[in-house]
Structure formats: structure tokens, C-alpha cells
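The values are calculated or read from the model by the stated rules, or taken from the named source; none is laboratory data. Note that the structure is a prediction, hence the values are computed from the model and not measured. Cβ sites come from the backbone with ideal geometry, for glycine too, and all protein chains shown count toward neighbours.
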Amino acid sequence: MPANLQKQMLGGDGVMRLIASGTTLPAASGYLFDYVVVSSANTTVSGVTDENNITVSVSGEFNLDGQLLQPGILIIGKNGARIKAISVTAGSVIGYQSRDYGNLRV
């Protein structure tokens, strides 16, 4: 596990943001999450877009749209890109953003 990822998971660096059911975090929000972790059972997401404008949640990519996701599932952009947009239709996720990569939103 990369050192900065480990620090974040242990609460030692970066910021976290809870994205609850019924919330859409649009690309225009300015967030760039290193990764998103599913935090509640039976979470569904859609429109997960990475910083390279690839919608990774659709069929042909990670096929996450409308699937029931369970706690602990890690969502990251294609080829390690950061997540810039996500819509949570049920459940919740937590987005983690490292100070190491700039563009930090608190």
C-alpha cells in the first residue's frame, strides 16, 4: 500500500468527505478524490467520473451503475486517476483526498 494511502486510511493526512444517499457531487465542485470507499450496505452509485473524463461506472468500464455495493469496496479512477464526480443514489461513500496531490478541498 502506498505510504500516502496508508496515512489517509489511518487519518494522518488529507481530508475525507461523506457523500450520502441522494447526493450528487458534480465535477464542478472541485474535489479530486484519490479514491472513494463504500461505507454502508447496499450502496448504489452512478456517474462516477475520473479526472480524465472517463465515466468509470458504466458498462464497458467498471459496470458499477445500479449495482448493490457493500462496505469496504474501493472505487478509483481508470489507471489510478482521481475521482471528480459521483452520484450516490442509496447508501453512502467516503471520498479521500490527499494533501500530497494538491487541489485540496476542505
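For region 76-91, the set of residues classified as touching a strand residue (DSSP E or B) at 6+ places or on another chain (Cβ under 8 Å) and not in a loop (DSSP other than H, G, I, E, B) consists of Lys78, Ile83, Lys84, Ala85, Ile86, Ser87, Val88, Thr89, Ala90, listed by residue number. For region 65-106, filtering for residues that are among the aliphatic types (A, V, I, L, M), farther than 17 Å from Met16 by Cα and modelled with pLDDT of 95 or more leaves 3. Take Gly22 and decide whether it is at pLDDT below 95 and at positive phi. Yes; evaluated as a whole, the condition is true for this residue.
Yes/no per residue for (1) surrounded by 16 or more Cβ atoms within 10 Å (Cβ to Cβ); (2) over 14 Å from Leu25 (Cβ atoms); (3) in contact (Cβ under 8 Å) with a residue 24 or more places away in the chain:
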| position | (1), (2), (3) |
| --- | --- |
| Ala41 | no, yes, yes |
| Val45 | yes, no, yes |
| Thr49 | yes, no, yes |
| Phe62 | yes, yes, no |
| Gln70 | no, yes, yes |
| Leu74 | no, yes, yes |
| Ile83 | yes, no, yes |
| Ala90 | yes, yes, yes |
| Val93 | yes, no, yes |
